[in-house]
1. It is to be established whether one or more residues within segment 73-85 are closer than 27 Å to Asp5 by Cα, of a type in the set (A, V, I, L, M) and assigned to a helix (DSSP H, G or I).
2. Return a yes/no flag: does segment 47-54 have any residue that is without any contact (Cβ under 8 Å) to a residue 60 or more places away in the chain and in a helix (DSSP H, G or I).
3. What pairs come out if I take residues in segment 11-31 that are touching a residue at least 24 places away in the same chain (Cβ under 8 Å) and of a type in the set (Val, Ile, Thr) and pair them with residues that are buried (at least 17 other Cβ atoms within 10 Å of the Cβ) and assigned to a helix (DSSP H, G or I) whose C-beta lies under 6 Å away, six or more apart or interchain?
4. Scanning for something touching a Phe, Trp or Tyr at 6+ places or on another chain (Cβ under 8 Å), closer than 21 Å to Met135 by Cα and in a helix (DSSP H, G or I), does segment 92-107 turn up at least one residue?
5. Output the residues belonging to segment 55-72 that are of a type outside the set (A, V, I, L, M, F, W, C) and not in a helix (DSSP H, G or I).
6. Determine which single condition His117 fails, assuming it passes every other condition in (1) in contact (Cβ under 8 Å) with a residue 24 or more places away in the chain; (2) out of contact with any helix residue (DSSP H, G or I) (no Cβ under 8 Å at 6 or more places or on another chain).
7. Please name all residue pairs, on different chains or six or more residues apart, with Cβ atoms under 6 Å, provided the first residue is in segment 60-87 and is without any contact (Cβ under 8 Å) to a residue 40 or more places away in the chain and the second residue is assigned to a strand (DSSP E or B) and of a type in the set (Phe, Trp, Tyr).
8. Among the listed residues His115, His130, identify the single one that is outside any loop (DSSP other than H, G, I, E, B), in contact with a Lys or Arg (Cβ under 7 Å, 6 or more places away or on another chain) and surrounded by fewer than 20 Cβ atoms within 10 Å (Cβ to Cβ).
Amino acid sequence: MREIDFRLLSRVSRRIANAVYSPLEREELIKSITEEFGLEPMSVSLLIEALEDLRESFPEKSPSWYTRAVLRLFSGIKKVSKNHWIVKGFKELGDQYPYYNVIFIKSGKYICDCHMHTYGHVRRMKICTHIAAVMVLRRVGRQLKIL
């Protein structure tokens, strides 16, 4: 696996997550982000739409929660099966392990194995950003299927 530039990922993730809160016109934001980081406009647009959708479900979450979810998404999420993903862990985000398993269960809820580790009871109650990253990934995937 190639080395990830955590600071660069943090910057781009913060810009995209904060776009959801920005009063600027959507096209202006997308153009600014794509020029600064060399991303595809369609990818940025779909990601912002997915974050807006997630924000409707979790309006009480802080901008940093969304930033961490985007950072985890950009670092690469491996789909293991239909309802199972592996999300990379980061020491910089307080992760104790290199990878976390996220599973979507039949009851319509997600579980993450970070819930079984230190402070897992807190993350379970507040929804961890490992799960948030998978939720964003799935929302972007649904958007791509519509196009």
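A short reminder: the numbers here are calculations on the coordinates, not readings from a lab. Because the structure is a prediction, the values reported are computed rather than measured. Don't worry about glycine lacking a Cβ; one is built from the backbone with ideal geometry, like all the others, and counts go over all protein chains shown.
1. Step one: filter segment 73-85 for residues closer than 27 Å to Asp5 by Cα, giving 73-80, 84-85.
Subset that is of a type in the set (A, V, I, L, M): 73, 77, 80.
So of that shortlist, the ones also assigned to a helix (DSSP H, G or I) come out as 73.
Yes, there is a match, as at least one residue in segment 73-85 is closer than 27 Å to Asp5 by Cα, of a type in the set (A, V, I, L, M) and assigned to a helix (DSSP H, G or I).
2. Our first condition is that a residue be without any contact (Cβ under 8 Å) to a residue 60 or more places away in the chain; within segment 47-54, this holds for 48, 52.
Next cut, in a helix (DSSP H, G or I) only: 48, 52.
Scanning segment 47-54, I find at least one residue that is without any contact (Cβ under 8 Å) to a residue 60 or more places away in the chain and in a helix (DSSP H, G or I), so the answer is yes.
3. Ile16/Leu47; Ile16/Val70; Val20/Leu51; Val20/Arg55
4. Taking segment 92-107 and keeping what is touching a Phe, Trp or Tyr at 6+ places or on another chain (Cβ under 8 Å), we get 92, 101-104.
From what is left, the residues that are closer than 21 Å to Met135 by Cα are 101-104.
Filter once more, so that each one left must be in a helix (DSSP H, G or I): none.
Checking segment 92-107: not a single residue is touching a Phe, Trp or Tyr at 6+ places or on another chain (Cβ under 8 Å), closer than 21 Å to Met135 by Cα and in a helix (DSSP H, G or I).
5. Of the residues in segment 55-72, the ones of a type outside the set (A, V, I, L, M, F, W, C) are 55-57, 59-64, 66-68, 72.
Answer for segment 55-72, where residues must be of a type outside the set (A, V, I, L, M, F, W, C) and not in a helix (DSSP H, G or I): Pro59, Glu60, Lys61, Ser62.
6. For His117, the exception is condition (1).
7. Lys79/Trp85; Asn83/Phe104; Ile86/Tyr99
8. Numbers: His130 fails: surrounded by fewer than 20 Cβ atoms within 10 Å (Cβ to Cβ).
Checking each option against the conditions leaves just His115.
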